[in-house]
Amino acid sequence: MKKVFSTIIMIAVLSFSLNSIAFASEIDILLDKLVEKGVLSPVEATIIKDETKQQVAAEIAQAKSALSPTWAQKVKINGDFRLRYQYQQKKASQTRNRGRVRYRLGITADPVEKITLGAGLASGGGDPRSTNQTFQNTFETPDIRLDYAYAEYKPFKEISLISGIFQNKNYLWRPSDLLWDGDINPQGGAAHLHTSLMDADVWINIGSLVLDESSSDESDPYMFYVQPGLNWANGPFDAKLAASFYSIDLRKHTLDYTSSTNTLDSDGKLLYKYDSISPAFEIGLAEPLGLPLERVALFGEFINAWDPEHNNKGWLVGFNFGNKKISKKGQWQGKYMYAELQKDAWIDAFPDSDRYDGKTGVKSHEAILEYGLFDNVVLGFDYYNSRSLLASKAPESIFQADINFKF
C-alpha cells in the first residue's frame, strides 16, 4: 500500500514537473532515483517515461505545452543537405567532373486554425530547375534564394487551397520527372479536393499558374490545368491513376530558362500553343511472390500536345523495387526509367534538367539506387544515358553519387 501511495505521489509530481522541468533528461534522472530507492520498478519507470514523452508531444502539437512559447509550438522546421559528385560526358564535348552541394531550409507555421504559412530557402541561382551549387570560382560565396513562400487554407478535410510560390506535389501529381523537374515550384494558385467513393479515394487538382509578366504586353502567358484522379488499395495491391489537362497558349511569347528546343516562328517567338493531355499511372504490389521486397511498382506517363501536327508526343515507363520510402537505416530502393519526349510535346523550360540538359527532342535511360546509411541519411547513385531524337544524336552520359542528410 505504501508503494502504491508513493507511486501516486510520484505521478503527481511528474505531472507538475511537465510545467516546470525544461529538459527531458531531468525527468529521466528523477525516475532513476525513484527506481534506485525501490519506489518504482524499472518496468514501471519505463512506462511512465514513455507516457510522459507522449503527453509532452501531444501538448506541443496542440500548442498547449508550458515547456516552450506558444508561437514556437506552431512552427516546424525541416530541410536537407546534399553532397554530390557528378561525372558528365557528351560526344564532341568536354568531359566534366564536378563537386556540388544543395542546401534547403523550410519553415511552416499555423497562425490560426486551418491556415498554414510556409517558406523555404535554397542554394543555387535563378534557374528554377536547379538548387545545386557547383564548387567553382575561387571559393566564391554562393547565393541563398527564396525557394517557396505560400499560404495554404483547409476549410474542410476534403478541400485544400494554396497560393504563392508553392511545392506542388500535393496539387499536381506526377509519377516521374518527364514533364516537371523536381526543383520547380510554380507561382500562382491551386486547389485539391478529394472524397471517398467505394474502395477508392477520388480527387481532383485544379491550378492557375503564372508563367511570365510583362509591363509592355497585356497577354501575359498563363497555365491552367485540371487533373482528376484516384487512389485505390486492396490487400497487397495499390494503384494511382490520373489524367492532366493543360491549357497553355504561348504563341508569340518567349520564356526564361528554356532549353531552346521548341519550334519558334520567324520572329524568334514560340510558334505553338501547348494545350495537351497527360495520363499517368502507378501500380504497386507488396511483398511479391514472397520475395524480400516491401513493394514493387510499375509507373508511367504520356503527353500529347494538340496544336503541333508533328513531334508532339512523349512518354515514360519505369519500375521500382525495394522499400516504398527511404527514411531508416538499411532501407533501399532501385528504380529504372525509359523516356522519350519529342521536340514540341511539351514546354522545354520544365523537364528534368539532368536528362540531356532538360531539352525536348530526346530519349533517355535512367537507373537509380538508394540506400539508407543511417536514419535520414541516404546514399544514392543515379545514371543517365541520353541522346537527341534530332539529326545530331550526340549521346550523353551522366553519373551522380549523392549523400543526402535530411532533418
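Largest GNM mean-square fluctuation across T52, T261, T131, computed for the chain with C-alpha springs under 10 Å, falls on T52. Extension gain, D80-K406: 0.36 nm per intervening residue step, less the Cα-Cα distance, totals 116.9 nm.
Prolate is the label for the range 163-258, because a/c, from the alpha-carbon gyration tensor with a ≥ b ≥ c as root eigenvalues, is 1.5 or above and a/b exceeds b/c. Cross-link pairs exceeding 31 Å in C-alpha to C-alpha distance, out of K325/K359; K33/K76; K53/K114; K328/K363; K90/K335; K157/K325, comprise K33/K76; K328/K363. Put one equal scatterer on each alpha carbon of the range 79-151, apply the Debye formula with no solvent term, and list log10 I(q)/I(0) at q = 0.25, 0.26 1/Å to two decimals. With no solvent term, the Cα-only Debye profile gives -1.14, -1.18.
Divided by 2.2 N^0.38 Å, where N counts the residues, the Cα radius of gyration of the range 282-407 comes to 1.22. Between E340 and T254, the FRET efficiency from the beta-carbon distance, with R0 = 30 Å, is close to 0.70. At 20 °C and a viscosity of 1.002 mPa s, what translational diffusion coefficient does Stokes-Einstein give for the chain, taking Rh as the Kirkwood radius over Cα pairs? Give it in µm²/s as a whole number. It comes out at roughly 87 µm²/s. Look at I27, I398, I347 and count the other Cβ atoms within 10 Å of each Cβ; fewest to most, that gives I27, I398, I347.
To the nearest ten degrees, helix 24-36 and the longest principal axis of the Cα atoms of the chain are 30 degrees apart. A cut-off under 9 angstrom between Cβ atoms defines the neighbours of A394, and their net charge, with Lys, Arg +1 and Asp, Glu -1, is +3. Taking the chain as the reference, fit the longest principal axis to its C-alpha atoms, fit the long axis of helix 2-17 to the helix C-alpha atoms, and give the angle between the two in degrees, 0 to 90, nearest 10. Between the helix axis and the principal axis of the chain, the angle is about 40 degrees. In this simple spin-label approximation, E158 and E36 carry label points 7 Å from Cα along the Cα→Cβ vector, and these lie 5.9 nm apart. Taking other C-beta atoms within 10 Å as the exposure proxy, M337, M223, M198 rank M198, M223, M337 from fewest upward. At full extension, T195 and A58 could sit 46.5 nm farther apart than now, given 0.36 nm per residue minus the alpha carbon distance. Remark: E218, E294 ranked as E218, E294, counting other beta-carbon atoms within 10 Å and listing the fewest first.
Relative contact order of the chain, taken over Cα pairs closer than 8 Å and 6 or more residues apart, is 11 percent. To the nearest ten degrees, helix 42-61 and the longest principal axis of the Cα atoms of the chain are 50 degrees apart. Packing here is the average count of other Cβ atoms within 10 Å per residue, and on that basis the peptides 93-106, 351-364, 276-289, highest first, run 351-364, 276-289, 93-106.
Taking the Cα centre of the chain as origin and assigning +1 to Lys and Arg Cβ atoms and -1 to Asp and Glu Cβ atoms, the resulting dipole is close to 1140 debye.
Less than 5 angstrom separates the built amide H of W180 from those of D352, all sequence-distant by 5 or more or on a different chain. With a Förster radius of 35 Å, plug the Cβ-Cβ distance of L146 and F374 into 1/(1 + (r/R0)^6) and report the FRET value to the nearest 0.05. In this case the efficiency is close to 0.70.
Values in this text are rule-based calculations from the coordinates and carry no lab data. Small disclaimer: the values here were computed from a predicted structure and weren't measured. As a convention, Cβ positions derive from the backbone with ideal geometry for all residues, glycine included, and neighbour counts pool all protein chains shown.
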